[in-house]
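First up is the structure itself, then whatever we jot down about it.
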Amino acid sequence: MSMRALARGLTAAAAAAGAVALGLTAPTAQAATPLPYVALGDSYSAGSGLLPLDPTASPLCARSTADYPHVIAARTGARLTDVTCGGAETKDFTGSQYPGVAPQTDALSDSTRLVTLTIGGNDSGTFIDAILACGSAGVVTAGQGSPCASLYGDTFDNTVDNTTYPAVRAALQQVRDKAPNARVAVLGYPWIVPAKSDPSCFAKMPIASGDVPYLRDLETHLNAAVEHAAQDTGATFVDMASASDGHDACAPAGTRWIEPILFGTNFVPVHPNALGEQQMAARTLAVLGEG
């Protein structure tokens, strides 16, 4: 069985289990109105980089109909309102990200029963700035040493603690206030780089060998901040760490869930591919099914 076939099977199994637990089974002629589901969040929720694009979304959002919210809705029969948008920050939950794009929490109401999201990675530019900075530094040193860690030290981690965490916590509380009857699931970010440096990856992810664990630790820190904010606000955290281990951007095509900076398939690099979005959906449904 191919990895893709296996992934499809796992997605279907996990989705079925989660659907039963949430009452999200696909509607029959006698079934009640499908469960109202609102998807919020950034490019990891929007599937930015995947085709086909959602014709109902602003082109600036680069939202895909192959994003994990669409996968969840297709598996469960939930009635999806997808307002995810590439580049979204926590401030875009209550403010307009682009002209004509409404604040994301405007989609929520008392009738909303399920909310999913990824958020926090774009706040203060922390994570994308770290990837760009480490990539640039890695090119300069031809992949040797840890130039990014030497230059930036605790800067990115301090921003996560002092800015990202309180912003995510406030955003999740806004979601809870606008959708008091909903179960809220906030996903962690899947691994972008492996636990250890692999020399063969430098051509795809030009990050110096010593900065690979530096970026891995930063992503761990970011996900921990998101998890902490979820706990503070009564949301369910969907931990992607174990599930995505070995499926980072350095893994081979067909195994990786995240496309690399160079020689990837997405038109937006360092984002989930179709397999990654499917597996984010599967993991979400599996976690929701435990509740």
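The values are calculated or read from the model by the stated rules, or taken from the named source; none is laboratory data. Nothing here was measured: the structure is a model prediction, and the numbers come from that model. No Cβ is skipped: glycine too gets one built from the backbone with ideal geometry, and neighbour counts run over all protein chains shown. To get the accessible areas, we keep the full protein, side chains included, count just its heavy atoms, and leave off ligands, DNA and RNA. Shrake-Rupley method; radii C 1.70, N 1.55, O 1.52, S 1.80 Å.
Annotations for the structure displayed:
- Close pairs from segment 225-250: first outside any loop (DSSP other than H, G, I, E, B) and among the hydroxyl-bearing types (Ser, Thr, Tyr), partner exposed (fewer than 14 other Cβ atoms within 10 Å of the Cβ) and modelled with pLDDT under 95, Cβ under 9 Å, at least 6 apart: Thr236/Gly291
- Check on Asn273, touching an Asp or Glu at 6+ places or on another chain (Cβ under 6 Å), more than 30 Å from Arg183 (Cα to Cα) and in contact (Cβ under 8 Å) with a residue 12 or more places away in the chain: no
- Helices (runs of 4 or more DSSP H) within segment 92-161 that include 1 or more residues open to solvent by 20 Å² or more (accessible area, probe 1.4 Å) and modelled with pLDDT under 85: 126-140
- Residues (under 19 Å from the mean Cα position of the chain (by Cα) and over 20 Å from Asp42 (Cα atoms)) located in segment 158-194: Pro194
- For segment 256-267, the set of residues classified as β-branched (Val, Ile, Thr) and either assigned to a helix (DSSP H, G or I) or open to solvent by less than 40 Å² (accessible area, probe 1.4 Å) (or both) consists of Ile258 only.
- Residue within segment 193-204 that is touching a Ser or Thr at 6+ places or on another chain (Cβ under 6 Å), buried (at least 20 other Cβ atoms within 10 Å of the Cβ) and part of a helix (DSSP H, G or I) present: no
- Failed item, numbered, when Gly145 is tested on (1) on the phi > 0 side of the Ramachandran plot; (2) under 20 Å from the mean Cα position of the chain (by Cα): (2)
- Out of Thr65, Thr56, Thr33, sole residue that is at pLDDT below 95, among the hydroxyl-bearing types (Ser, Thr, Tyr) and surrounded by fewer than 19 Cβ atoms within 10 Å (Cβ to Cβ): Thr33
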